[in-house]
1. Considering Cα pairs under 8 angstrom that are at least six residues apart, work out the relative contact order of the chain and quote it in whole percent.
2. Which residue, ALA89, ALA81, ALA20, tops the fluctuation ranking in a GNM of the chain built on C-alpha contacts under 10 Å?
3. Compute the signed sum of charges (Lys and Arg +1, Asp and Glu -1) over the other residues within less than 13 Å, Cβ to Cβ, of ARG63.
4. Which residues' amide hydrogens lie under 5 Å from the amide hydrogen of GLY64, considering only partners 5 or more residues apart or on another chain, with H built in the peptide plane?
5. Order of GLU11, GLU51 from fewest to most other C-beta atoms within 10 Å?
6. Angle check, please: helix 79-91 long axis (alpha carbons) against the longest principal axis of the chain (alpha carbons), in degrees 0 to 90, nearest 10.
7. Where the centre of each part is set by its Cα atoms, how far does segment 5-77 sit from segment 120-135, in angstrom?
8. Explain nothing, just the number: dipole magnitude of the chain about its Cα centre with +1 on each Lys and Arg Cβ and -1 on each Asp and Glu Cβ, in debye rounded to the nearest 20.
Amino acid sequence: MTQRLIRSLYEQRLSAFAAARSIQVAWNNVGFTPPAGEIYLGVDLLPAPTEVPDLAGEHLVYRGVFQISIVAPSGQGSGAAEQLVEDVAAEFPADLLLTSGALSVMIVSPCSQGPAIQDGTSYMVPVSFTYEGRTL
């Protein structure tokens, strides 16, 4: 029951979301060639320190941020990327609870859109949410 399992739960959900829209995903530490002229997604799990709230040390609390980067071709406007921000927010709503064995993880903040970053070839819009997972 670790951040690895939390990543797996959110990535499974993101994989189904992307497949339904025929969008490729650049997974961490996996070779990826960005599709020319198409939108794709990037993903990052940003864990916070693990906590132990009970004196016996039996229950662990995992917190962090899950970020999805929506990467669109530069020069095509922001509309398609911003629509995907809304779609991601609908797929990962606040209070969404996912479980696996003794681990339960919940989204504790609504998805937030960060400022767009534009370079010469791409327009990236980050969208992220915070989570909290607990072992029981």
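Values quoted throughout were computed directly from the atomic coordinates according to the rules given, and no laboratory measurement underlies them. Everything quoted here is computed from the prediction, not taken from an experiment. Here the Cβ is made from the backbone with ideal geometry for all residues, glycine too, and neighbour counts use every protein chain on show.
1. On the way: 251 pairs, mean separation 31.8, N = 136.
Across the chain, relative contact order equals 23 percent.
2. In this elastic network of the chain, the residue with the biggest mean-square fluctuation among ALA89, ALA81, ALA20 is ALA20.
3. On the way: positive: ARG134; negative: GLU51, GLU132.
Residues near ARG63 contribute -1 overall.
4. So GLY64 has HN proximity to ALA48, TYR131.
5. Numbers: GLU11 16, GLU51 12.
Lowest to highest Cβ neighbour count: GLU51, GLU11.
6. It works out to around 20 degrees.
7. What the calculation gives is 7 Å, centre to centre.
8. On the way: 6 positive and 13 negative charges, 47 e Å.
About 220 debye.
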